[in-house]
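The values are calculated or read from the model by the stated rules, or taken from the named source; none is laboratory data. The structure displayed is predicted, hence computed values, not measured ones. Don't worry about glycine lacking a Cβ; one is built from the backbone with ideal geometry, like all the others, and counts go over all protein chains shown. Note: areas computed on protein heavy atoms with side chains; ligands, DNA, RNA excluded. Shrake-Rupley method; radii C 1.70, N 1.55, O 1.52, S 1.80 Å.
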Amino acid sequence: MQLAIKAVISRDEAAAFVRALERADWSNGKATAGYLSAQVKNNAQLREDHPLSRQLGEKILDALDRNEVFIAAALPLKVVPPLFNRYGDAQSYGRHIDGGIRPVFGRPQRVRTDLSATLFLSPPDSYDGGELIVEEAGGAQSFKLEAGDMLLYPANRVHRVAPVTRGARLASFFWIQSMVRLEDHRTTLFQLDNALRTLGRDVPDHPALVEMMGVYHNLLRLWSDT
């Protein structure tokens, strides 16, 4: 399930991120790619230990903690500290798949990458190209979201970033280990959570709501790993 989550940060916040990142010292993005991905990766990336990366990353993590849609969809257990990349001057990232385990810089910690996330920072009309293209069994889907919006998608999908032909595309990207490992289980819980929220708003006194909430939490107990 691909899910576009609106306004993880505001457009004003995204613009402030872009202004700060435009003044940063960027490194070659190949440094953090695997040996196969490095062959198709052509972008710039902020170092994981860069003070700005840590500062902005903390703001994103705080925003995610407050985002009910993200919590319901991802059911996060661990989140890799957000990283930042920049595409310009015909840069792109060819077809690749994210690694199954991701180290956390500076910590003796490993995170299973159940979900990938891209938080778009540049307004879509400020650059041409740069679409995030995610492949599915039924075909590929292309995403170019508003500044501050985020795409959440299973990390086992083959994906790519189309060449940027005008301007620059700045984004944050990171991975999530979910409490619920299987995609089908996460999707079922997300759909049930959405149904409960709708019923809780429309018929808050219906006695079946308590039973349905019990079903949700019993499934969560059955499928989760913490």
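Results, tabulated for the structure shown:
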item	result
Largest to smallest principal axis extent of the C-alpha atoms in the chain, angstrom	59, 38, 34
Binned Cα-Cα distance frequencies in region 4-69 - 5 Å width, integer %	3, 15, 20, 19, 18, 17, 8, 1
Gap separating the Cα centres of region 49-74 and region 79-107, nearest whole Å	16
Dipole magnitude of region 111-226, debye to nearest 20 (Cβ charges: Lys/Arg +1, Asp/Glu -1, about Cα centre)	320
Relative contact order (%) - the chain, alpha-carbon pairs under 8 angstrom, separation at least six	25
Accessible area expressed per residue, the chain, with surrounding protein chains retained (probe 1.4 Å, Å²)	51
Area of MET212 that stays accessible when all protein chains are in place (1.4 Å probe, Å², to 10)	60
Förster radius 41 Å - calculated FRET efficiency between ASP65 and ASP205, Cβ distance, rounded to 0.05	0.85
Axial C-alpha extent at least 15 Å, average Kyte-Doolittle at least -0.5 - helices from the chain (DSSP)	11-22, 51-65, 208-223
Computed helical MRE - 222 nm, the chain, DSSP H runs ≥ 4 contributing -39500 (n - 2.57), nearest 500	-10000 deg cm²/dmol
Amide N of region 72-112 lying under 18 Å from the label point, which is placed 7 angstrom from the Cα of ASN28 along Cα→Cβ	85-94
Segment ARG19-PHE105, length gained on full extension (0.36 nm per residue, minus Cα span)	28.5 nm
Contour excess over end-to-end distance, with Cα ends at VAL215 and ILE97 and 0.36 nm allotted per residue	39.0 nm
Count of Lys pairs (Cα-Cα under 22 Å; at least 8 positions apart or interchain) in the chain	6
Accessible-area order (highest first, 1.4 angstrom probe) of the listed residues GLU136, GLU13	GLU13, GLU136
Carbon plus sulfur fraction of accessible area for the chain, probe 1.4 Å, in percent	52
